[in-house]
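K.L.:
This structure is in C-alpha cells; I'll ask about it shortly.
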Amino acid sequence: MNSPVLPRSADASKAHEGLSEGVRRFLSEPRKLLIGGKWMAAASGKTFEVVNPANGRVVATVAEADKTDVDLAVAAADKAFTSGPWPKMTPSERAKIVWRIGDLLMKHADELAELEAVDNGKPFTYAKAVDVAVSAETFYYMAGWATKLEGSTLPLSYNLAPGTAYHAYTMRCPVGVVGQIIPWNFPLLMAAWKLAPALAAGNTIVLKPAEETPLSALRLGEILQEAGVPDGVVNIVTGFGETAGAAIVANKTVRKVAFTGSTEVGKIIVRAAADDLKRVSLELGGKSPNIILDDADLEQAIPGAANAIFFNSGQMCTAGSRLFVQEGVYEQVIEGIAAIAKQLKVGPGLDPSSQIGPLVSDVQFQRVTGYLRSGAEQGAKAACGGQRWGKEGYFVEPTLLVDVNSEMKVYREEIFGPVVSAVRFKDVDEELIRQANDTIYGLAAGLWTRDLAKAHQISSKLDAGSVWVNTYNVLDPALPFGGFKQSGWGREQGHAVFEHYTELKSVCMAYPAQ
C-alpha cells in the first residue's frame with residue numbers, strides 16, 4: 001500500500017484555508033522557543049516544518065531546539081525554582097494561577113481546537129469537546145490540590161535519650177526541575193496532564209511537545225504567560241526526541257522526567273536516566289482487550305466497542321484493539337461494528353462533519369498500512385475497511401479484522417490506528433483471562449456484561465491499570481491512570497500523580513521532656 005502523494009505547498013493562503021483570523025496570525029510567522037519567559041529562536045537557527053496530515057501542506061515552521069537550547073531552558077527553570085517568585089508563593093496563590101489557565105483554555109477553545117485539527121488532524125468538534133474541555137478540567141482539578149498536599153505528625157515509638165521528647169512530622173516538597181516529554185495523539189491534553197499537577201505542587205518545568213504536533217503547546221505557552229505563570233517556571237522547547245528529548249533526560253539538573261509515548265522510547269529513557277538516578281514516570285503502549293459476553297446489552301456494547309477503537313483514529317494507547325466476543329453474540333457484534341465503521345464520516349479535521357481524521361504522519365500511515373498488509377498475508381479477513389481512504393492525506397479506513405489468531409502481528413503488536421482484531425471465545429473461564437492477559441502490555445481493558453458477579457470476578461483478574469465495565473475510555477482528572485507490565489511506571493491523574501511531583505521529607509525535632 002503506497003504512501004499518498006502529498007502536495008507541499010508554500011502558499012499560505014492554501015495551507016491556512018478555513019482557519020480563523022487568530023489562528024492564521026499565529027501560524028503566519030515562525031514559532032519560537034519559550035525560555036525564561038522570552039520567545040527566542042533556536043541557538044542554531046534551525047527550524048522544521050509542521051504539516052497538516054489531511055493534505056500534506058506545510059502550515060507552520062517551528063524552532064528546532066538542541067542541547068544548547070535545552071540547557072538554557074533547564075537553567076531558567078532552575079533559577080525560577082530556587083530564586084524566582086514561584087517558590088515564595090503560597091499554595092493558594094499557585095492554585096489561583098493554575099485555575100486561571102483552565103479559564104483561559106475555555107476562553108480560547110475554538111482557536112486551540114483549530115490548531116489541534118490542523119496539526120494532529122483530529123476533528124475540530126472532538127478536539128473542542130474532548131481535548132480542550134478536559135484539559136481545562138484538568139487544570140481546575142489540579143488547582144484544588146495545591147492547598148491540600150499535606151504532611152502528618154508522627155508519634156515516635158523508640159527513645160534512645162531519656163529526658164528528651166520529640167516532635168516528628170512529614171511534609172511534601174516539590175521535586176524541582178521536571179522534564180516532560182509528551183506525545184502527538186493528544187497534544188494539548190497530554191500537556192495539561194503533565195503541567196497541571198507539576199505546577200500545583202510547585203515545580204518548574206521544561207516541556208517538549210512531539211515534533212509532529214508542537215502548535216497547541218506553543219499556544220499554551222502564551223496562555224500560561226497570560227495566566228501569570230512567572231518567567232522560567234514553564235519552558236517549552238520544540239524539537240526532536242534524539243536531540244532535544246535526549247538532552248532533557250541527560251541534563252543532571254533535571255530531577256524527574258515524565259514521558260508519554262512508545263514503550264521502546266520509554267526503555268531508552270530509563271537507561272539514560274540511570275546515570276544520575278533521576279526519577280522517571282512512564283505512560284507507554286497498550287494492546288487492550290475488550291470483552292463482550294453473551295449477556296451484554298448489545299445496544300451499548302456494539303457502539304461502545306466501535307468507539308473504543310475508532311475514536312481519535314485509533315491513535316490511543318488505551319484503544320480496545322483486541323476484541324473478544326462470546327460465540328452466542330459474535331455474528332451480531334461483528335455485523336454491528338462493521339455497520340458503524342462503514343457509516344463513520346472520514347475527512348479532514350476542519351470539516352465539521354468529520355468523525356475520523358487522518359493519521360498524524362506518513363510514518364504512522366506506513367506503520368498502520370504495513371500491519372494491514374501483514375494481517376492479510378497471515379490470513380486475517382477485513383469485515384470492513386482495510387484500505388487507504390481518499391487520494392491525499394494520511395487516511396485509513398476504519399477496519400475490523402476477523403479470522404485472527406494469537407500468532408498474528410495484528411493481534412500481538414500495538415498498531416496505533418483504527419484497526420481492531422476480533423476473536424471468538426466459548427466460555428468465560430481461565431483460558432479467556434489468560435488470552436486477555438497474554439500481552440507485554442497492561443494499560444486498559446473493557447468488559448461488557450449485565451452480570452454484576454462476572455463483572456467483579458473478571459475485572460479483578462485482568463492485568464490492566466484501568467478496567468472499564470459497560471463503558472470505555474472514561475478518563476477523569478480524579479481517576480489514577482497508568483499501566484501494568486510494559487505499559488509504564490507510576491500513575492497520572494488523581495491524588496496518585498503527586499507521588500511523582502513531590503518528595504516526602506521527614507522532620508524530627510528534639511526538645512527537653514517535662
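K.L.:
Take LYS88 and tell me if it is of a type outside the set (Ser, Thr, Tyr), within 28 Å of LEU19 (Cα to Cα), out of contact with any helix residue (DSSP H, G or I) (no Cβ under 7 Å at 6 or more places or on another chain) and open to solvent by 50 Å² or more (accessible area, probe 1.4 Å). Before you say what the answer is, go through the steps one by one.
P.N.:
Details: of a type outside the set (Ser, Thr, Tyr): yes; within 28 Å of LEU19 (Cα to Cα): no; out of contact with any helix residue (DSSP H, G or I) (no Cβ under 7 Å at 6 or more places or on another chain): yes; open to solvent by 50 Å² or more (accessible area, probe 1.4 Å): yes.
No.
K.L.:
Picking from ALA136, ALA196, ALA200, ALA113, which residue would you name as being modelled with pLDDT of 95 or more, aliphatic (A, V, I, L, M), crowded, with 21+ Cβ neighbours inside 10 Å and in contact with a Ser or Thr (Cβ under 6 Å, 6 or more places away or on another chain)? Explain how you work it out, then say what you get.
P.N.:
Values: ALA136 fails: in contact with a Ser or Thr (Cβ under 6 Å, 6 or more places away or on another chain); ALA200 fails: in contact with a Ser or Thr (Cβ under 6 Å, 6 or more places away or on another chain); ALA113 fails: in contact with a Ser or Thr (Cβ under 6 Å, 6 or more places away or on another chain).
Step by step, each of ALA136, ALA196, ALA200, ALA113 is checked, and only ALA196 is modelled with pLDDT of 95 or more, aliphatic (A, V, I, L, M), crowded, with 21+ Cβ neighbours inside 10 Å and in contact with a Ser or Thr (Cβ under 6 Å, 6 or more places away or on another chain).
K.L.:
For the condition closer than 30 Å to ASN251 by Cβ, in a strand (DSSP E or B) and modelled with pLDDT of 95 or more, what is the one hit in MET171, MET142?
P.N.:
Working: MET142 fails: in a strand (DSSP E or B).
The conditions single out MET171.
K.L.:
Has segment 438-449 got any residue that is free of Cβ contacts under 8 Å to residues at least 60 places away in the same chain and open to solvent by 60 Å² or more (accessible area, probe 1.4 Å)?
P.N.:
Within segment 438-449 (the criterion being free of Cβ contacts under 8 Å to residues at least 60 places away in the same chain and open to solvent by 60 Å² or more (accessible area, probe 1.4 Å)), the answer is no, since none of the residues qualifies.
K.L.:
Another question, then. Against the condition outside any helix (DSSP H, G or I) and either among the basic types (Lys, Arg) or under 21 Å from the mean Cα position of the chain (by Cα) (or both), how does SER281 come out, does it pass?
P.N.:
On the way: outside any helix (DSSP H, G or I): yes; either among the basic types (Lys, Arg) or under 21 Å from the mean Cα position of the chain (by Cα) (or both): yes.
Yes.
K.L.:
Give the residue, chosen from LEU72, LEU27, that is in contact (Cβ under 8 Å) with a residue 24 or more places away in the chain and within 15 Å of VAL233 (Cα to Cα).
P.N.:
Values: LEU27 fails: within 15 Å of VAL233 (Cα to Cα).
Criteria check complete, one pass: LEU72.
K.L.:
Kindly indicate whether GLY417 is in a strand (DSSP E or B) and either open to solvent by less than 10 Å² (accessible area, probe 1.4 Å) or more than 26 Å from LEU475 (Cβ to Cβ) (or both). Let's see the steps before the verdict.
P.N.:
Working: in a strand (DSSP E or B): no; either open to solvent by less than 10 Å² (accessible area, probe 1.4 Å) or more than 26 Å from LEU475 (Cβ to Cβ) (or both): yes.
Criteria not met by GLY417.
K.L.:
Is it true that GLY56 is open to solvent by less than 50 Å² (accessible area, probe 1.4 Å), modelled with pLDDT under 95 and not in a loop (DSSP other than H, G, I, E, B)?
P.N.:
Numbers: open to solvent by less than 50 Å² (accessible area, probe 1.4 Å): yes; modelled with pLDDT under 95: yes; not in a loop (DSSP other than H, G, I, E, B): no.
So GLY56 does not fit the description; no.
K.L.:
Then there is this: Check segment 289-310 and report whether any residue there is in a loop (DSSP other than H, G, I, E, B), under 30 Å from GLN332 (Cβ atoms), modelled with pLDDT of 95 or more and open to solvent by less than 10 Å² (accessible area, probe 1.4 Å). Spell out the reasoning first.
P.N.:
From segment 289-310, those in a loop (DSSP other than H, G, I, E, B) are 293-297; that's our starting set.
Next, only the ones that are under 30 Å from GLN332 (Cβ atoms) stay: 293-297.
Filter once more, so that each one left must be modelled with pLDDT of 95 or more: 293-297.
Those left that are additionally open to solvent by less than 10 Å² (accessible area, probe 1.4 Å): 293, 296.
Within segment 289-310, one or more residues are in a loop (DSSP other than H, G, I, E, B), under 30 Å from GLN332 (Cβ atoms), modelled with pLDDT of 95 or more and open to solvent by less than 10 Å² (accessible area, probe 1.4 Å).
The values are calculated or read from the model by the stated rules, or taken from the named source; none is laboratory data. Predicted model only: the values in this text are computed from it and were never measured. We place every Cβ from the backbone using ideal geometry, glycine too, and count neighbours over all the protein chains shown. What goes into the accessible areas is simple: the full protein's heavy atoms, side chains included, and nothing from ligands, DNA or RNA. Shrake-Rupley method; radii C 1.70, N 1.55, O 1.52, S 1.80 Å.
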